[in-house]
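J.: I have a structure I would like to understand better, so I am pasting it below and will then ask my questions one at a time.
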Amino acid sequence: MGIFEKFKSGFKKSASAFTTGLRDIVVKKEIDDKTLDKIEDYLIQSDVGIVSASEIREIISQTKIDPSKDLTEEINNILKNYIISIMKPLENIEFFKKKEKLNATLISGVNGVGKTTTIGKISKILKDNGNKVMLAASDTFRAAAIEQLESWANKVDVQITKSSQGSDPASVAYKAIEEALNNDFNQVLIDTAGRLQNKKNLMEEYKKIANVTKKIDPDAPHDVILVLDATSGQNVINQVEEFNKIIPITGLIMTKLDGTAKGGILLAVAKKYKLPIIALGLGEKEDDLQIFEAEKFAEAFTQIS
């Protein structure tokens with residue numbers, strides 16, 4: 001199954017729910033103010049965000065639509081073009097390319113977003129692109145997290161630096177980068193403990209990991225990726241806000257888009273923060289992390305079943 005087919009399959013729940021709801025609203029042959037209001041409300045309910053919903057409403061109102069055509073399809077085309085205009089500048093395929101020198105990436109997110117699994121999937125893509133990859137098991141609060149990351153390292157055949165449960169997370173990150181530099185690795189992915197963005201002590205620990213990496217390389221961490229769970233809806237907005245205050249985020253990965261009918265939340269995040277979108281998680285298999293492409297996302301999200 002190619003990338004586009006995976007997108008279409010993964011987004012079917014979001015797309016089907018969206019277009020079905022839209023069809024229920026657009027029952028006339030023309031779009032009046034009342035229908036526009038309903039479309040705007042529906043877009044907000046679909047988690048695309050108030051600003052985007054308002055802008056899409058305005059575009060629809062200013063667009064001359066042929067009443068002989070399927071209005072739902074016409075509105076979907078407007079939405080598709082809007083998504084592409086917002087998200088195309090946020091593509092970042094460079095992240096996965098082979099690096100000439102060491103690139104240390106800090107990967108964060110709250111509990112349950114699929115962070116460790118996502119790291120395993122990232123490492124596979126990086127390795128397939130010719131990178132020599134090291135994983136750092138800096139989530140030392142849970143023995144299960146270390147074991148899970150080690151399992152992924154074995155599955156995709158990359159190296160891992162780990163310590164015992166309860167060890168200092170920052171020291172594991174430091175050791176991993178040190179080993180990577182000494183052995184010509186060009187990618188280090190640092191797993192961090194799942195933490196709530198409103199727990200100050202845990203966020204300080206997260207900050208400490210980043211600061212320790214700078215002792216080896218002043219430019220580290222070179223990337224800071226926040227993993228978000230699409231099923232969390234509007235709560236992801238607050239997560240981006242709080243994590244970005246601690247260490248500036250350089251990229252986002254959204255998981256579980258195959259398990260929600262509200263995939264529009266990614267559009268809301270893109271519109272508000274304009275942060276690069278690295279990839280999308282569409283399943284549990286090692287090949288189920290899709291490098292983000294705006295046009296494929298837009299077409300899959302607005303597909304009519």
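J.: Could you tell me how many of the residues in segment 84-100 are touching a strand residue (DSSP E or B) at 6+ places or on another chain (Cβ under 8 Å) and assigned to a loop (DSSP other than H, G, I, E, B)?
T.: Step one: list which residues in segment 84-100 are touching a strand residue (DSSP E or B) at 6+ places or on another chain (Cβ under 8 Å), which gives 87, 90-93, 95-96, 99.
Narrowing the set further to residues that are assigned to a loop (DSSP other than H, G, I, E, B) leaves 92, 99.
Residues meeting the conditions: 2.
For (1) among the basic types (Lys, Arg); (2) under 30 Å from Thr302 (Cα atoms); (3) assigned to a strand (DSSP E or B); (4) touching a residue at least 12 places away in the same chain (Cβ under 8 Å), each residue gets a yes or a no:
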residue: Tyr206; (1), (2), (3), (4): no, no, no, yes
residue: Thr231; (1), (2), (3), (4): no, yes, no, yes
residue: Lys245; (1), (2), (3), (4): yes, no, no, no
residue: Ile249; (1), (2), (3), (4): no, yes, no, yes
residue: Leu252; (1), (2), (3), (4): no, yes, yes, yes
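J.: Next up: Need a quick list: strands (runs of 3 or more DSSP E) entirely within segment 101-189 having at least 3 residues that are in contact with a helix residue (DSSP H, G or I) (Cβ under 6 Å, 6 or more places away or on another chain), surrounded by 18 or more Cβ atoms within 10 Å (Cβ to Cβ) and of a type outside the set (Gly, Ala, Ser). First the steps, then the outcome.
T.: On the way: elements: 103-108, 133-137, 159-161.
Ranges flagged: 133-137.
J.: Only one residue in Glu241, Glu293, Glu284 is modelled with pLDDT under 95, under 13 Å from the mean Cα position of the chain (by Cα) and among the charged types (D, E, K, R). Which one? Give the derivation first.
T.: Details: Glu241 fails: under 13 Å from the mean Cα position of the chain (by Cα); Glu284 fails: under 13 Å from the mean Cα position of the chain (by Cα).
So the residue among Glu241, Glu293, Glu284 that is modelled with pLDDT under 95, under 13 Å from the mean Cα position of the chain (by Cα) and among the charged types (D, E, K, R) is Glu293.
J.: So which residues in segment 274-287 are in contact with a Leu (Cβ under 8 Å, 6 or more places away or on another chain) and surrounded by 17 or more Cβ atoms within 10 Å (Cβ to Cβ), if there are any at all? Quick ask: steps written out before the conclusion?
T.: Taking segment 274-287 and keeping what is in contact with a Leu (Cβ under 8 Å, 6 or more places away or on another chain), we get 274-282.
Across segment 274-287, the qualifying residues are Leu275, Pro276, Ile277, Ile278, Ala279, Leu280, Gly281, Leu282.
J.: In addition: Looking at (1) more than 13 Å from Phe297 (Cβ to Cβ); (2) buried (at least 20 other Cβ atoms within 10 Å of the Cβ); (3) at pLDDT below 95, find the lone condition where Asn77 falls short.
T.: (2)
The values are calculated or read from the model by the stated rules, or taken from the named source; none is laboratory data. Quantities reported herein were computed from a predicted structural model and do not represent experimental measurements. Here the Cβ is made from the backbone with ideal geometry for all residues, glycine too, and neighbour counts use every protein chain on show.
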